Amino acid sequence: MMGVNGQMVSTIAIDGPAASGKSTLAKKLASKLGYLYFDTGVMYRAVTLAALRHGVPVGAEEAVSEIAQKLDLDVRPPSVKDGRQYDVIMDGEDVTWEIRSPEVDRNVSQVSMYAGVRDAMTKLQREIGARGAVVMVGRDIGTVVLPDADLKIYLDASVEARARRRFEECVSRGESPEYEDILEGMRKRDRIDSTRELAPLRPASDAIIINNTSLSVEQALEEVLELIVSREDPV
Ligand code: DC
């Protein structure tokens, strides 16, 4: 997208806690702009799945980091029409849905604390970011992965609204979760993600914070599009 003054908003970072609506917003924004939508959480989920499958305890930092460094991971445009937004291919296998399992949910925060894991994933993410025309979603995109992103959004929402959203997602997939369990799990992940030593979840100093608790998807999208226009065509 090129504004009249020649300024461009080419790299967009969207961070925020679990289920704040980042992915939905980013996907719509990317499709509107014709940019790549890249959800970095899938990478940490794939490492977690690989560790679980290899029977490596998620507490074994060195072994988990080694898995992360060796993993052949690819995120591609969707090849199956089953509601997915991309294919996640791990060592040649389609693991798009498996990385959303409750077991991965429970363990991914711990795996994503490790320096060896973060270094490997950050490197891959920066390579993709360097190509531009990307909406990248995660926890540390604006602070660590793409500190020079053209636009940084921090999308927040109350923990109850986020747990409700995650609960409804599970129900729509035919699962029968307990709302209280999801809420408790969400609180725990928030705690780990925001207090970890490396790349903790927090807004970058130049991020625009949007509270998504009571916004519709269209309203949130509208806010971001207005920000882009105002940056590209300042009056
Ligand atoms: O967005 P998500 O729920 O799929 O993310 C899964 C986990 O991965 C989350 O607990 C924190 C971690 N994560 C991270 O540490 N850094 C990112 N850029 C993206 C996700």
_Quick check on the stretch 89-103. Is at least one of its residues farther than 16 Å from G138 by Cβ and among the aromatic types (F, W, Y)?_
yes
_List the residue pairs whose Cβ atoms are under 9 Å apart, where the first residue sits in the stretch 213-226 and is on the phi < 0 side of the Ramachandran plot and polar (S, T, N, Q), the second is outside any loop (DSSP other than H, G, I, E, B) and at pLDDT 95 or above, and the two are 6 or more positions apart or on different chains._
T213/D156; T213/E160; T213/A161; T213/R162; S214/A161
_Return the pair list, or none, for Cβ contacts closer than 8 Å from residues in the stretch 97-108 that are closer than 12 Å to A50 by Cα to residues that are aliphatic (A, V, I, L, M) and within 8 Å of the ligand (Cβ to nearest atom), at least 6 apart or on different chains._
I99/V42
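So that you can scan it fast, the table gives a plain yes or no per residue for (1) closer than 19 Å to L25 by Cβ; (2) of a type in the set (S, T, Y); (3) away from the ligand (no atom under 15 Å from the Cβ):
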| site | (1), (2), (3) |
| --- | --- |
| S112 | no, yes, no |
| R131 | no, no, yes |
| V135 | yes, no, no |
| D140 | yes, no, no |
| V144 | no, no, no |
| L155 | yes, no, no |
| R166 | yes, no, no |
| V171 | no, no, yes |
*Name every residue in the stretch 86-119 that is buried (at least 19 other Cβ atoms within 10 Å of the Cβ) and assigned to a loop (DSSP other than H, G, I, E, B), in order of residue number.*
V95, T96, S112, M113, Y114
*May I ask you to list pairs of residues, at least six apart or on different chains, whose Cβ atoms are under 7 Å apart, with the first in the stretch 8-27 being among the small types (G, A, S) and the second being near the ligand (Cβ under 9 Å from one of its atoms) and in a strand (DSSP E or B)?*
A13/M136; S23/D39; S23/V137; A26/V137
*Got a number for residues in the stretch 37-65 being more than 26 Å from I14 (Cβ to Cβ), of a type outside the set (G, A, S), in a helix (DSSP H, G or I) and touching a residue at least 12 places away in the same chain (Cβ under 8 Å)?*
4
*Would you check which residues across the stretch 140-178 are closer than 29 Å to G129 by Cα and modelled with pLDDT under 95 and list them?*
R165, R166, E169
*asked:* I'd like to verify a number: residues in the stretch 179-219 that are over 14 Å from D15 (Cβ atoms) and in a helix (DSSP H, G or I), how many?
replied: 17
*Within the stretch 24-67, can you find the residues that are under 15 Å from I99 (Cα atoms) and within 11 Å of the ligand (Cβ to nearest atom)?*
D39, T40, G41, V42, M43, Y44, R45, A46, V47, T48
*For the stretch 114-129, how many residues meet the condition of being among the aliphatic types (A, V, I, L, M) and near the ligand (Cβ under 8 Å from one of its atoms)?*
1
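The values are calculated or read from the model by the stated rules, or taken from the named source; none is laboratory data. Model, not experiment: these values are computed from the prediction. With ideal geometry, Cβ positions are generated from the backbone for all residues, glycine too; neighbour counts draw on all protein chains shown.
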